[in-house]
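Colleague: I'd like to ask some things about the structure below.
The values are calculated or read from the model by the stated rules, or taken from the named source; none is laboratory data. The structure displayed is predicted, hence computed values, not measured ones. Note: ideal-geometry Cβ built from the backbone for every residue, glycine included; neighbour counts use all protein chains shown. Keep in mind that these areas ignore ligands, DNA and RNA; they rest on the heavy atoms of the full protein, side chains included. Shrake-Rupley method; radii C 1.70, N 1.55, O 1.52, S 1.80 Å.
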Amino acid sequence: MKKTLNAAVITCLTLLISPLVPRAHAQSIGLSISPPTVEILLSPNKKVIQTFQLTNQGENTEIVPEIHAVVPSDSAGHVVVDPAPLSPTKIPLIISCDHTLGTPFSIAGGATVPVTLSVEGASSDTVTDTYFALVLKVVPSTPSQTHTLSPTLPAISTLVFVTLTQTGTLPINLEIGNFDPPLVQDSWGVLTITPTIKNTAPVMIRPKGTYTILSPQGKTILSLPFFPNLILKTSERIILGEKMADDGKTPEAISLSWSPHWYDVGPYRLHLAVTTEGGTKVTEIEKVVWLLPIRATIFTALLALSAMTLLIYFKKRQISSTHP
Amino acid sequence: MPTKTRREILDPGREKLGTLLLPVLLVSSIYLLASRPAHAQSMRSSDYTIRLGNFNMTSGLKSSTSYSLTDTVGQIVADYFSSTGYHVKAGFQYLYTLYPFSFSVSSLTADLGALSPGSFSTAATTLTVTAPGQGYSVTAMESSKLTSANSNTIPDTICDTSCTTTTAGVWNSTSAYGFGYNVSGSDVPADFVGSTYFRPFPDISLGGTPATVMTSTAAGKNRTATVTYKAAISGTQAEGSYSTQIVYIATPVY
């Protein structure tokens, strides 16, 4: 009886105390940053101060700010972040941060803190671009030595692109590439092209342009402005079109696609023209695509064949029924 | 002896042709009518609102507070730029999105537990990305091989036959020793065909290039992928606790 009573008391005490004991759980982390990209046109010996807002959507943690070089990795606007922090001696910029670079600072869960970068142009006569990422990395927790484990270090980055120029007069050298529409296109299908703009100049540019389709009679069938994507130095970017979203205010990027009418036939001219933001024409190219009603013709032929077959079939049945 | 009908006697070849032709015509017609043209998916960014980024200026030589676009090279920009010495654009296309670029991980450790020869040890971490604009990428790398306090190492996996930091391979054999990862979910590389496909992490201490584990060219909210870590050791692996650091960097598309 006494044993039962003791067991009941211990059980009750355990149940009462258990909510007070902190539960072991895996720490989760969520970071957000704004703005995600920044472009700076800077003169030597001038300084720009840019503030980023870092929000910790997870638990309390420590963050290390670092500067890493980035290079474009494809023609869709992705970059690769260099794993090693950027050496300040390798770039013509003096970069500093209000949180010491490479040194952790605390950020509470749910808090938003400003992270301010100061970028100063070095003395230089040459026009040059520098691309880097402000990488905000979570400090690794001290690994327990009882198991085999891997601390995971999530990091969020914001991209900073700087053009250093004395005069603001920048070289432009753009080429249209990968513009290979088919020679013949079925007028029942969708004509999609994925041309690129290659920037061979040593500075980034945000070109404009227009994709135009002209009918055999010279009438403009389609006129689509380019989505003004940024093209970094010595890289290329797929050309996308720009159209307004349903709200009428928001521009959105779309592929260069055109759906002709099934009855459109003949040589159609596809024209790409690239300009600066000010409208100066940089380069243009035109190619001809023959639209032919291939599917419509096959369909019509099959329809005619079907009708003929059915006609013959019913005619024979008629003959057989009249001559038993 | 089977008797032939009048129609078969009249024209047996035509009869067979008609019987064959009808289904062919029917299927062809359905295909032509039913198949819709393939449309390229439009990349939408429906949550934009216009706002200039937050920036401040300071300069020793500043003579004016005006600034301009970086356009019209050699024309307007030269006039404004000569007076200010700087120009900043923040955000995507001058547009500030209603949701920020964010990245989260479900756990800051991947605990593989006690490794034993002849069996796999696994652990998993979930990565979640919200990206406005035209997409994002997440890269992964390890600071070094799994290393013990005595500097013993567990090698990076080469899977059952072969796999690299950029090409996943099948890893089912516990006699293929090493450490690697699989990723599944949204926007993951196509070479992770299934849950048995693994890659080794790029080793940054050896000059490896970070590997892309998530990538997209479209805006998206809460894109989620699960990284599964896996290790197998030989019977001669030295005892000890092994660790490394796995670094994930989320980067927006510019």
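Colleague: Within the set of pairs 6+ apart or on separate chains, which have a first residue in region B:160-182 that is assigned by TED's automatic domain parsing to the domain that holds B:GLN245 and closer than 17 Å to B:GLY118 by Cα, a second that is open to solvent by less than 10 Å² (accessible area, probe 1.4 Å) and hydroxyl-bearing (Ser, Thr, Tyr), and C-beta atoms under 7 Å apart?
Modeller: Going by the 7 Å Cβ cut-off, the qualifying pairs are B:TRP171/B:THR157; B:ALA176/B:THR157; B:GLY178/B:THR157; B:PHE179/B:THR157; B:GLY180/B:THR157.
Residues checked against (1) more than 9 Å from chain B (Cβ to nearest Cβ); (2) buried (at least 17 other Cβ atoms within 10 Å of the Cβ); (3) within 29 Å of the chain's Cα centre (by Cα); (4) on the phi < 0 side of the Ramachandran plot:
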| residue | (1), (2), (3), (4) |
| --- | --- |
| A:PRO83 | no, yes, yes, yes |
| A:SER87 | yes, no, yes, yes |
| A:THR126 | yes, no, no, yes |
| A:ASP129 | yes, yes, yes, yes |
| A:VAL135 | no, yes, yes, yes |
| A:VAL138 | no, yes, yes, yes |
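Colleague: A further question follows. Exactly one condition in (1) open to solvent by 50 Å² or more (accessible area, probe 1.4 Å); (2) on the phi > 0 side of the Ramachandran plot; (3) of a type outside the set (Asp, Glu) is false for B:ALA190; which is it?
Modeller: (2)
Colleague: Looking only at region A:65-75, which residues are in contact with a strand residue (DSSP E or B) (Cβ under 6 Å, 6 or more places away or on another chain) and either open to solvent by 20 Å² or more (accessible area, probe 1.4 Å) or at the interface with another protein chain (Cβ under 10 Å from one of its Cβ atoms) (or both)?
Modeller: Narrowing region A:65-75 to residues in contact with a strand residue (DSSP E or B) (Cβ under 6 Å, 6 or more places away or on another chain): A:65-73, A:75.
Of everything in region A:65-75, those that are in contact with a strand residue (DSSP E or B) (Cβ under 6 Å, 6 or more places away or on another chain) and either open to solvent by 20 Å² or more (accessible area, probe 1.4 Å) or at the interface with another protein chain (Cβ under 10 Å from one of its Cβ atoms) (or both) turn out to be A:GLU66, A:HIS68, A:ALA69, A:VAL70, A:VAL71, A:PRO72, A:SER73, A:SER75.
Colleague: Can you list the strands (runs of 3 or more DSSP E) lying wholly within region A:54-113 that have 2 or more residues being acidic (Asp, Glu) and assigned by TED's automatic domain parsing to the domain that holds A:LEU134?
Modeller: Counting at least 2 such residues, we get A:61-72.
Colleague: Restricting attention to region A:265-279, and to residues there that are open to solvent by less than 20 Å² (accessible area, probe 1.4 Å) and within 14 Å of chain B (Cβ to nearest Cβ), which single residue is farthest from A:THR297 (Cα to Cα)?
Modeller: Taking the candidates together, the pick is A:THR276.
Colleague: Just to check your reading of the model, which residue among A:TYR313, A:TYR263 is within 20 Å of A:GLN217 (Cβ to Cβ), outside any strand (DSSP E or B) and not acidic (Asp, Glu)?
Modeller: Step by step, each of A:TYR313, A:TYR263 is checked, and only A:TYR263 is within 20 Å of A:GLN217 (Cβ to Cβ), outside any strand (DSSP E or B) and not acidic (Asp, Glu).
Colleague: In addition: Return the residues of region A:156-186 that are of a type in the set (Ser, Thr, Tyr) and not in a strand (DSSP E or B); say none if nothing qualifies.
Modeller: So in region A:156-186, the residues of a type in the set (Ser, Thr, Tyr) come out as A:157-158, A:163, A:165, A:167, A:169.
The answer is A:THR165, A:THR167, A:THR169.
Colleague: So, in region A:163-199, exactly how many residues are open to solvent by 50 Å² or more (accessible area, probe 1.4 Å), among the β-branched types (Val, Ile, Thr) and modelled with pLDDT of 95 or more?
Modeller: 3
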